[in-house]
């Protein structure tokens, strides 16, 4: 994995698509963190879920975790991943290797723009770890997950700003 993949899509109007399972925890946190950190870039994020129940709000513990990091959670309504979203995205980021593989099977034409968030954020170091689902776990696990996502998104935004 090289930075060329990030540089190639770091021009104007970059759209990142964050994908998790239910689109109520990890992906909406990443979407909101990215959109806040990248507000001075010509880039934005959207999110969806592989098995989302459309219309569900962000998990309250996920929202609380965003607040604890200094973000103001915005309105969220979960969305099932769609062909249109996949086609419109410049980069698609999942939270686990399994999610990445499942998306690659569902949308084979998108494989070249599909990465785990850790893989994409750490493209120069080669460090790739899944970001586990906090669903049903303690508030502390949600906070740790939000901190991990915040850090990974920070690496991505920093890379975009320097390219």
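Laboratory data are not the source of any read-out in this text; all were calculated from the coordinates shown. Bear in mind that the values here come from a model prediction, so they are computed numbers and not experimental data. No Cβ is skipped: glycine too gets one built from the backbone with ideal geometry, and neighbour counts run over all protein chains shown.
Please report 116, 162, 74, 79 as a ranked list, fewest other C-beta atoms within 10 angstrom at the top and most at the bottom.
By the 10 Å Cβ count, ascending, the order reads 162, 74, 79, 116.
Quick check: residue separation of residue 15 and residue 112 times 0.36 nm, minus the Cα distance between them. What number comes out in nm?
33.4 nm
Taking only the Cα atoms of the chain, how large is their convex hull per residue, in Å³?
Cα-based convex hull of the chain, divided per residue, equals 102 Å³.
Just rank 120, 135, fewest to most, by other beta-carbon atoms within 10 angstrom.
So the residues, fewest neighbours to most, are 135, 120.
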